[in-house]
Every structure is written in structure tokens, then in C-alpha cells.
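In what follows, a structure is listed as C-alpha cells, so that the remarks can point back to it.
The values are calculated or read from the model by the stated rules, or taken from the named source; none is laboratory data. In this text the structure is predicted, and so the values were computed from the model without any measurement. Every residue, glycine as well, gets a Cβ built from its backbone with ideal geometry; the counts of neighbours run over all protein chains shown. Ligands, DNA and RNA are excluded from the accessible area calculation, which covers all protein heavy atoms including side chains. Shrake-Rupley method; radii C 1.70, N 1.55, O 1.52, S 1.80 Å.
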Amino acid sequence: MGNFLVWAVWLVAAFACLGSGIAVVSFTNAFYSALALIGNLGSLAVLFLLASAEFLAAAQVLVYAGAVMVMFLFVIAYLGDTAGLPFRGGGPSWVSVGAVVAATAILVEVVVAIGLKAGNALSSVDEIESSFGSPGEIGRVFLTDHLLAFEITSIVLLIAAVGGVILGTRTRAEDELDAQGAAGQETYGRA
Amino acid sequence: MAGPEITWYLIVSAILFSIGTLGVLLRRSPLIVLLSLEIMLNASNLALISFARLHGGHDGQIFALAVMAVAASEVVVGLGLIVAVSRRRLTLDVDSFRVLRG
């Protein structure tokens, strides 16, 4: 019974994940795409839980579905109508055909590699303790065995924050552009 | 292990990665390209976490956590670039970005 329940939850989460992924790629409105990505990240968090990564599932919801997506939605609202552009225009060009071929090639390659190379190795899952993937365990491993990764991650985040500030400051060229735009609007108003 | 085997997790991850690839290659809006990049990063996270479960070690989960931090930084810089481009009155179309071309 318990096994059946796990399978049912897994199937629902997996199909929700794939469906919302397709929705992200196919919506022409960037706002709907972002909302579909929130659903995608949420169902991925369920899959993480089923693979006993409890802390990562929580972090996924907090960091992605919370912080990152709110930032995306703010930028989409700031950009307005210009945010969403349709697919490459004019029917199936060689670019879109190449894109589909490349994506299919990656998919087939991965599945064949899993099937051929891994084979039976994937069915023998190691036994784990009940604390596997809990915040305490992750924190202990992160701050002992992987301390260097922890420090480098913090530096990467710091550099990204500084980069965001630098990209966000206005330059003189943009101020001139704005001045020209205001002047153009004035003459338009007088005419 | 209760529920599906690791293989199924990996197949979902592979399909999700290809969907993200399609988005990056097919869409012209830089915002949706960034959203598709997020899908690709998350597909790799799913693979890392299922391998961590397979081997019963925490290393894969730590790697996934680092990927999350990198993805957050990428979003900050990417969105900053998009806003900077839109403030310069350029069209938001990845095919029409020619400023850096020599």
C-alpha cells in the first residue's frame, strides 16, 4: 500500500514536472511561462523529497519558487509587453529543425547511456539511515568535508551581488538617451 | 527503495534537460531563454540527487546545493543584463543582439 502511494505521488509529480516544463517553453506570454516554471520547480521539489533529499526540497521551494521567481516576475512586470517574443518566425527554419534535432540527440544519448552502461548497477540502491538528507546531516557534511565548496559558493554569491549592482547603475549614455527621449516627446506634444 | 527505481528519475531528468535545450535554442526572448536555462539546471540537480540516493552519500546533494547557488547568481546577472539592454532601447531579441560583434 505504501509503495503504491509512493508510485502514485511520483507519477503525478513527474508528469506535472514535464508538462509544466513544456508549458514554460511554449507559452508566448513570459508571465505565464514564469508561472509554469514555479509549478515545475514545485513538482521537482516533490521528486527531491521522494529521493530523500529533504533539505534540498525545502531549499528548492525557498530559493527558487520563492526568491528567484519573484525576481523574474518583477523583471517581467518591469519590461511589460516586450518581455515575451514568439518562436523563431516564418515556419520551420533550419535553426528550429537543428534545435529539435539537437535536443532529441541529447535525450537519446542520455537514455541509451543509462540503458547500456549503467544497466543493473542502477537497481541496487544502497541502504540509507533515516537522517539521510536532513538539514543536520547536510550542514555537517557541508561544513566539514566540503568546506571549500561552501566558501567558494559564498564568494560566487558575493560576486553576483556586486555584478547585479554594477549592471543596475545608470550610465551617462543612458541618461543622454533618456534626455533625447524626453525632448522628442516634448516636440511631439507641441506639434 | 520504495517507489520507482533510480532509472526513472534519470529518464525524467533527461527529458526535462531536452525540454530546456529546446527552449534555449528555439525561443527568441532572452527572458524565456533564462527560464529554460533554469529548467536545464534543475534537471541536472534531479540527476545529482538521484545519484546521491543511489550511492547513499551526501556528496551529490552538496553539489546540487552549489548548483542552486550558481543558478541564483546566474539569474541575478542575466536579469541585470536584460534590464540594462532594455534601458538602452534595444529590441529584446537574442537574434538581434549585435553590439558585441566585431
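Within the full protein context, the accessible area of A:V97 is estimated at about 80 Å² for a probe radius of 1.4 Å. Using +1 at the Cβ of each Lys and Arg and -1 at the Cβ of each Asp and Glu in chain B, identify which of B:F17, B:S44, B:S96 lies farthest towards the dipole's positive end. Final value for the positive-end residue is B:S96.
The mean number of Cβ atoms from other chains found within 10 Å of a Cβ in peptide A:102-113 is 5, as a whole number. Model label points for B:L81 and A:L62, set 7 angstrom from Cα along the Cα-to-Cβ axis, are 2.9 nm apart. Pairwise Cα separations in the protein assembly as shown fall into 10 Å bins from 0 onward with the following percentages, short to long: 6, 25, 31, 22, 11, 4, 2, 0. Shielding of peptide B:40-52 by partners, expressed as the average count of other chain Cβ atoms within 10 Å per residue Cβ, is 5.
Size of the dipole of the protein assembly as shown about the Cα centre, Lys and Arg at +1 and Asp and Glu at -1 on the beta carbon, nothing else charged, in debye to 20? Write down the numbers at each step before the final one.
Numbers: 14 positive and 20 negative charges, 195 e Å.
Computed charge dipole of the protein assembly as shown: roughly 940 debye.
Work out the FRET efficiency for A:E151 and A:S130 from their Cβ-Cβ distance, taking R0 = 41 Å, and round it to the nearest 0.05. Before the final figure, lay out the partial values.
Numbers: r = 30 Å, r/R0 = 0.73.
Working from the Cβ atoms, E equals 0.85.
Here the translational diffusion coefficient of chain B follows from Stokes-Einstein with Rh set to the Kirkwood radius across Cα pairs; for 4 °C and 1.567 mPa s it amounts to 84 µm²/s.
If packing is taken as the mean number of other Cβ atoms within 10 Å per residue, what is the order of A:68-80, A:140-152, B:38-50, highest first?
With the highest mean Cβ count within 10 Å placed first, the list reads B:38-50, A:68-80, A:140-152.
Solvent-accessible surface of protein heavy atoms, probed at 1.4 angstrom with all chains present, puts A:R172, B:R88, B:R98, B:R53 in the order A:R172, B:R98, B:R88, B:R53, largest first. Farthest towards the positive end of the charge dipole of region A:98-169, among the residues A:L143, A:I155, A:N120, is the Cα of A:I155, using unit charges on the Cβ of Lys, Arg, Asp and Glu. Inter-chain Cβ neighbour count for B:62-72, averaged per residue, equals 6 (cutoff 10 Å, partner chain atoms only). Taking only Cα atoms, what is the 0 to 90° angle, nearest 10, from helix A:135-144's long axis to the longest principal axis of chain A? The two axes meet at around 80 degrees.
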